[in-house]
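Right, one structure below, let's go through it.
The values are calculated or read from the model by the stated rules, or taken from the named source; none is laboratory data. Everything numeric in this text was worked out from a predicted model, so none of it was measured. Cβ atoms come from the backbone with ideal geometry, glycine included; neighbour counts cover every protein chain shown. SASA here: full protein model, heavy atoms, side chains in, ligands and nucleic acids out. Shrake-Rupley method; radii C 1.70, N 1.55, O 1.52, S 1.80 Å.
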Amino acid sequence: MAALRSHYLALTVVLFVFGFLGALAYRSNVTVGTATATGDRHEQLVQIVENLEQKKGALEGELQRLREEIADQERLDAARRGLSQSYTAELERLRMLAGLVSVKGPGVVVTLADNQHPPDGAIDPNNYIIHDYDVRAIANALWLGGAEAIGINEERLVQSSAIRCVGTTVLVNSTRVGSPFVISAVGDPNALLAALDADQDAALLLHEYVKTLGLKVSASPADEMLIPAYRGSLSPRVLRSIDQNPVPGGGG
Amino acid sequence: MIYFPLIGLLLGVLGGYLIRYDVPPEYARYLSIAVLAALDSTLGGVRALLERTFNDRLFITGFLSNTILAALITFFGDRLGVNLYLAAVIAFGVRLFQNLAIIRRLVFK
């Protein structure tokens, strides 16, 4: 009987290890075998990128939660210490400019999309797709129009944001976005639309290339928009708003 | 008593699922080898139990040495640029089916 018991204990140990490793492999979402066994470097790298992007998403959610908690605590603290209304209002305003809180309000939505059916014999197919500089031109024109907050496909633009080209997609705040680009800006709709028309590049996109190249570009005012808060990390320790021109940097 | 191994399996699955650790992709092969070694040992153990030749020490040392050898082969295979890892996968795989066949015969004899 004692021998039998130790038999089962030994089996238990190995089965425990089996279950543990099996579950770990399953949950780690690592393709075991195909991609790695062939030693395919490219697939390995793709896998690493996908794993890291997944991790990044989780961390961004965590950061978002913590930032909201900090804002809540500060609000409570200000109320308890009887700090003036103007102090908290100023804090909120600065936080909005820094992109740390979501912003709601009227504004303008600009959508940009590739022409998916370029004419046969097109000289340069690059002419028929939206590039990083197109997105940048629209964003800069919107800042000039006095936008309080700008989001590109749910990515908030902040002072450290860059809009740049990576392969076949565009990188905004280290998140890949692709056509169609939806650029939403909170601000005075009329001023924003006027700024788009006044900007040379933006006006070309909106009025010329729509016809000549078949790009799908449109700008329309919206009554109520929600631009999410910035989800990434902020490295600068000190930021100051320039009051004459309350624009947190122009992206480009 | 006979449920102990099943409880062990359940606890293992639970632990592996709940632990906050992601295996880096470059170690995925080591993990898969370890899983295979454990599965191989389990089937071998069941077979030995049915044949009444089960020996705890042989069982545990077999499991450990198989895993270690498989890991070493994988490691050196990586260094040499040869997929030696496949040797372990095939060795374990063949034995899995063999053991399963023998267990089947012992159970339905």
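Go ahead and set up a Gaussian network model of chain A, Cα springs under 10 Å, then flag whichever of A:Gln200, A:Gln44, A:Gln159 fluctuates most.
The residue that fluctuates most here is A:Gln44.
Hey, can you grab everything whose amide H is under 5 Å from the amide H of A:Met225? Only 5+ residues off in sequence or another chain; H modelled, so Pro and N-termini drop out.
A:Gly105
In nm, to one decimal, how far is the modelled label at A:Glu60 from the one at B:Leu96, with both set 7 Å along Cα→Cβ?
If labels sit at A:Glu60 and B:Leu96, their model points lie 3.7 nm apart.
What spacing in nm lies between the two simple spin-label points modelled at A:Ser241 and A:Ala203, each 7 Å away from Cα in the Cβ direction?
So the two model labels end up 3.0 nm from each other.
So what's the angle, to the nearest 10 degrees on a 0 to 90 scale, between helix A:132-144 and the longest Cα principal axis of chain A?
The answer is roughly 60 degrees.
Which whole-Hz ³J(HN,Hα) couplings does region A:75-87 yield from phi under the Karplus relation 6.51 cos²θ - 1.76 cosθ + 1.60, θ = phi - 60°, glycine and proline marked x?
5, 4, 4, 4, 5, 5, 8, x, 5, 5, 4, 5, 5
Give me D for chain A in µm² s⁻¹, whole number, from Stokes-Einstein with Rh from the Kirkwood sum over alpha-carbon pairs, 37 °C and 0.692 mPa s.
Value of D from the Cα-based Kirkwood radius: 151 µm²/s.
What net charge is computed for the residues neighbouring B:Arg105, neighbours being all others with C-beta under 12 Å from the C-beta of B:Arg105, Lys and Arg scored +1, Asp and Glu -1?
In short, +2.
Identify the residues of region B:1-34 with backbone N under 17 Å of a label point that sits 7 angstrom from the Cα of A:Arg5 along the Cα-to-Cβ direction, or state none.
B:1-5
I need the trypsin sites (Lys or Arg not before Pro) found in region B:8-56, filtered to DSSP loop residues with at most 13 other beta carbons within 10 Å of theirs.
B:Arg20, B:Arg52
Within 11 Å, Cβ to Cβ, of A:Ser161, how many net charges do the neighbouring residues add up to if Lys/Arg are +1 and Asp/Glu are -1?
Net charge in that neighbourhood comes out at +2.
³J(HN,Hα) across region B:93-99 via Karplus (A = 6.51, B = -1.76, C = 1.60, θ = phi - 60°), whole Hz, x for Gly/Pro?
Residue by residue, region B:93-99 yields x, 4, 5, 4, 5, 4, 4 Hz.
Place +1 on the Cβ of every Lys and Arg and -1 on the Cβ of every Asp and Glu in chain A, take the dipole about the Cα centre, and give the residue among A:Leu144, A:Val177, A:Asn115 whose Cα lies farthest towards its positive end.
A:Val177
Can you compute the helix-only [θ] at 222 nm over chain A? Use -39500 (n - 2.57) per DSSP H run of at least 4 residues, normalise by all residues, nearest 500 deg cm²/dmol.
After summing the helix terms and dividing by the residues of chain A, the value is -14500 deg cm²/dmol.
Excluding residues fewer than 8 places away in the same chain, name every one of the lysines whose C-alpha is closer than 20 Å to that of A:Lys55.
Once the sequence-local lysines are set aside, nothing remains near A:Lys55.
Evaluate peptide B:31-37: per residue, the Cβ atoms of other protein chains within 10 Å of its Cβ; return the mean as an integer.
6
Per residue of B:55-64, what is the mean number of Cβ atoms on other protein chains within 10 angstrom of that residue's Cβ?
Across B:55-64, the average partner-chain Cβ count within 10 Å equals 3.
Given the protein chains as shown and a 1.4 Å probe, how many square angstrom of A:Ser161 are accessible, to the nearest 10?
Ignoring ligands and nucleic acids, A:Ser161 comes out at about 10 Å².
How big is the charge dipole of region B:23-108 about its Cα centre, in debye rounded to the nearest 20, if each Lys and Arg gets +1 on its Cβ and each Asp and Glu gets -1 on its Cβ?
280 debye
Grab the other residues whose beta carbon is less than 15 angstrom from that of A:Arg67, score K and R as +1, D and E as -1, and report the net.
-2
Take the Cα radius of gyration of region A:102-227 and divide it by 2.2 N^0.38 Å, with N its residue count; two decimals is plenty.
Compactness ratio reported: 1.02.
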